[in-house]
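Values in this text are rule-based calculations from the coordinates and carry no lab data. Small disclaimer: the values here were computed from a predicted structure and weren't measured. Note that we place each Cβ from the backbone using ideal geometry, even for glycine, and neighbour counts take in every protein chain shown.
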Amino acid sequence: MALLRRGAGARARRRGGVGLAAALGASAACALSSAWALLPRRLSSAAPGALAPTATAGARGALTAARLRDRSTDVAERPPPEPRSRGPRTERDVANDVVFGVVAVELLFNHDRLDTEVGSAFRRAVYDPVLERLQLYSNSSTSEARSPAKSWRLQDRVLERQFSLSNYFTEEVAVDLDMRQAGEVMLPFAQLDARCVLRNANVEASDDPVSSALVAWSSHHLRVGGGEAPTSLCRRRPFGYAAEKPEVSEWLLPVFVEHDRSSHAERMALISLGDIIKRSGGKLHPDAPIHGAACVYASHTPCISCLAVFCQFKRKLPSVKLYFCFDTWGDTRRWIDDACLHEDLTGEEEDEG
């Protein structure tokens, strides 16, 4: 009989526990559904004694309540945590942000989504600081314009942050630096010559440009000294990436961004022009009597190093008007990868033969 009574008591306790859990669940459901008016009716319909907690449950509840009360008191008295210190931003952090900005602007422009707000933010954060430095390097009145270089490369923290200004803002900087020729009269000839060189060299039309496979094109007319006749006249000449590392130049310093950019075709074209001036008896100096104009075309967007080279050329030879223009690699790639174009050019050559 005692065993039966103990079993009945255990079943009653289990029923009481289940009833308490059911009541708490009902109250939670009512709270979630905002039906508090139904809660008293549901509790009154429960079996008598179903909600009465056992002695063990009451002791556990009291202990849990005491622990929660002590914990809440500690939390209330504890001061709020101090903000996490991220440390000072390094130059690498700034450069990473700038590169992400350049890539973002490039993608937005390519998909016709570059709006005024994003463009203005990019100008303030990236373009304006770079333009200020490039204008300094194109100023022939500074002391650096008349003194020899102290290094083989141009060390500039602002320029070294990004590899490019993007296609859109490179066009903008050409205008702001007064290196954009109205109408770009020589552009069709430059495009044809450069694309023929790439096609004849069997350059692969890859998705991404490779600096060693890019070409530049230049034309110039120069007068060295006081003569009226041009000392040197060149209508068109292509240049490629230097096969070997070029000698250190004392006047056109490259900018090191991610890798050495001293062999880029645009720089090779202007170094060759400087050699022509020196062979003609001229000096690469702002006060030298050298006049004329020069144009450089690039088969891909000039990088930040090439832009700095253009500005240094202008600083050393302010009386030689320098223009530059370019195509994006996507446009150049389409022409050199066009099988129909290859067939047409081949057919024309056979007909002429």
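Mind checking the dipole of the stretch 92-347: about its Cα centre, +1 per Lys or Arg Cβ, -1 per Asp or Glu Cβ, Debye to the nearest 20?
Working: 29 positive and 35 negative charges, 252 e Å.
Result for the stretch 92-347 is approximately 1200 debye, rounded to the nearest 20.
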Separation between Cα centres of the stretch 92-154 and the stretch 222-253, rounded to whole Å: 26 Å
Peptides 192-198, 293-299, 206-212 ordered by average Cβ neighbours within 10 Å, highest first: 293-299, 192-198, 206-212
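Please compute the net charge surrounding LEU284, taking Lys and Arg as +1 and Asp and Glu as -1 over other residues with Cβ under 13 Å from its Cβ. The partial results should precede the final answer.
On the way: positive: ARG146, LYS278, ARG279, LYS283, LYS314, ARG315, LYS316; negative: GLU250, ASP275, ASP287.
With Lys, Arg at +1 and Asp, Glu at -1, the neighbours total +4.
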Fraction of beta bridges assigned by DSSP in the stretch 92-347 that are antiparallel (%, nearest 5): 70 percent
Scattering curve values for the stretch 92-347, log₁₀ I(q)/I(0), Debye with Cα scatterers, q = 0.08, 0.10, 0.11 Å⁻¹: -0.32, -0.50, -0.61
Normalised contact order of the stretch 92-347, rounded percent, pairs of Cα under 8 Å and 6 or more residues apart: 25 percent
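In the stretch 137-226, what chymotrypsin sites (Phe, Trp or Tyr not before Pro) fall in a loop by DSSP, with at most 13 other Cβ atoms inside 10 Å? Could the numbers behind the result be given before it?
Numbers: sites: TYR137, TRP152, PHE163, TYR168, PHE169, PHE189, TRP217; in loops: TRP152, PHE163.
Listed in order of number, the matching sites amount to none.
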Among PHE163, ILE276, VAL203 the positive-end extreme of the charge dipole of the stretch 92-347 (Cβ point charges): ILE276
